[in-house]
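Accompanying notes for the structure given below.
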Amino acid sequence: MGLRVVFADDNFLVREGISALLTEADEIDLVETVVDPAGLLRAVAEHRPDAVLTDIRMPPTFTTEGIDAAKQIRAEHPSTGVVVLSQYVEEDYAFDLLSDGVAGLGYLLKERVSQLDELVRALYDVARGRSVLDPRVVEGLLARKAQDARSPLLRLTEREREVLQEMAAGRSNAATSKALYMSERSVEKHIGSLFQKLGLADESDVNRRVMAVLAFLEATGGR
């Protein structure tokens, strides 16, 4: 049996398109599609899916309904992971989504959904309690903090910042080494160095890379 998923989006064309895409994946069992937060919460309570994929803007206000629903789902159904989709890079929304914890949550740009393998991997990751952040969102978060003259990010080398960005996007050491064209040993050294410079404690949790970045951002004021 594939990963059981509930999908929410109020836009008919988007909903039908992504639904069709998900049904092409043998690993995904799309149990229901819905059009609003109320329908989403009902479907989750009824089906108890492994993961939820939801638009960030839905009726009635088309602002943060997806984020609010994601937080409620994680609180009431902690075994269900949630990936929130956004049309644009909106750092404030990413902070809002992840402010109470990052486990089992993801934030992706809608442009990623055409990359079916990445979308499926993201759904599996949140279902397993991991976290997923779109690389462009991570880039925006890091760039914003780097503008702060007091930011510890200024102590990082350019290479260390690149490694940190890959870590926050959920990349493994092996994937980071391939993306940045360096050895895994070099990646490990950069990770050790940047953690020391940022003053972050060692993490044994599987989400430590994303958690480390978010803990740093929150500890230094976040926004």
Segment 14-25, residues that are open to solvent by 10 Å² or more (accessible area, probe 1.4 Å) and assigned to a loop (DSSP other than H, G, I, E, B):
Glu24
Looking only at segment 26-37, decide whether some residue is out of contact with any strand residue (DSSP E or B) (no Cβ under 7 Å at 6 or more places or on another chain), without any contact (Cβ under 8 Å) to a residue 12 or more places away in the chain and surrounded by fewer than 16 Cβ atoms within 10 Å (Cβ to Cβ).
no
From Ser131, Ser79, grab the single residue that is touching a Gly at 6+ places or on another chain (Cβ under 8 Å) and of a type in the set (S, T, N, Q).
Ser131
Given the conditions (1) more than 22 Å from the chain's Cα centre (by Cα); (2) modelled with pLDDT of 90 or more, and given that Ser177 satisfies all but one, which numbered condition is not satisfied?
(1)
Out of curiosity, is Val102 among the aliphatic types (A, V, I, L, M), closer than 18 Å to Gly2 by Cβ, in contact (Cβ under 8 Å) with a residue 24 or more places away in the chain and in contact with a strand residue (DSSP E or B) (Cβ under 9 Å, 6 or more places away or on another chain)?
no
State whether the residues of segment 39-58 include one that is touching a residue at least 60 places away in the same chain (Cβ under 8 Å) and either open to solvent by less than 50 Å² (accessible area, probe 1.4 Å) or aliphatic (A, V, I, L, M) (or both).
yes
Kindly establish whether Leu97 is within 19 Å of Arg136 (Cα to Cα) and either modelled with pLDDT of 90 or more or open to solvent by less than 40 Å² (accessible area, probe 1.4 Å) (or both).
yes
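Residue by residue, here is whether (1) among the aliphatic types (A, V, I, L, M); (2) more than 17 Å from Asp134 (Cβ to Cβ) holds:
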| residue | (1), (2) |
| --- | --- |
| Val31 | yes, yes |
| Val44 | yes, yes |
| Met58 | yes, yes |
| Phe62 | no, yes |
| Ile67 | yes, no |
| Ala70 | yes, no |
| Ser79 | no, yes |
| Val82 | yes, no |
| Leu98 | yes, no |
What is the residue count in segment 65-77 for residues that are surrounded by fewer than 21 Cβ atoms within 10 Å (Cβ to Cβ), within 16 Å of the chain's Cα centre (by Cα) and farther than 10 Å from Leu105 by Cβ?
1
Tally of residues being of a type in the set (Val, Ile, Thr) and either more than 12 Å from the chain's Cα centre (by Cα) or loosely packed, with under 14 Cβ neighbours inside 10 Å (or both) across segment 78-88:
1
Residue set Leu194, Leu154, Leu200, Leu164; condition at pLDDT below 75 and either outside any loop (DSSP other than H, G, I, E, B) or buried (at least 18 other Cβ atoms within 10 Å of the Cβ) (or both); output residue Leu154
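The values are calculated or read from the model by the stated rules, or taken from the named source; none is laboratory data. The structure presented is a predicted model; accordingly, all values stated were derived computationally and were not measured. Note that we place each Cβ from the backbone using ideal geometry, even for glycine, and neighbour counts take in every protein chain shown. Side chains are part of the model used for accessible areas, which takes the heavy atoms of the whole protein and leaves out ligands, DNA and RNA. Shrake-Rupley method; radii C 1.70, N 1.55, O 1.52, S 1.80 Å.
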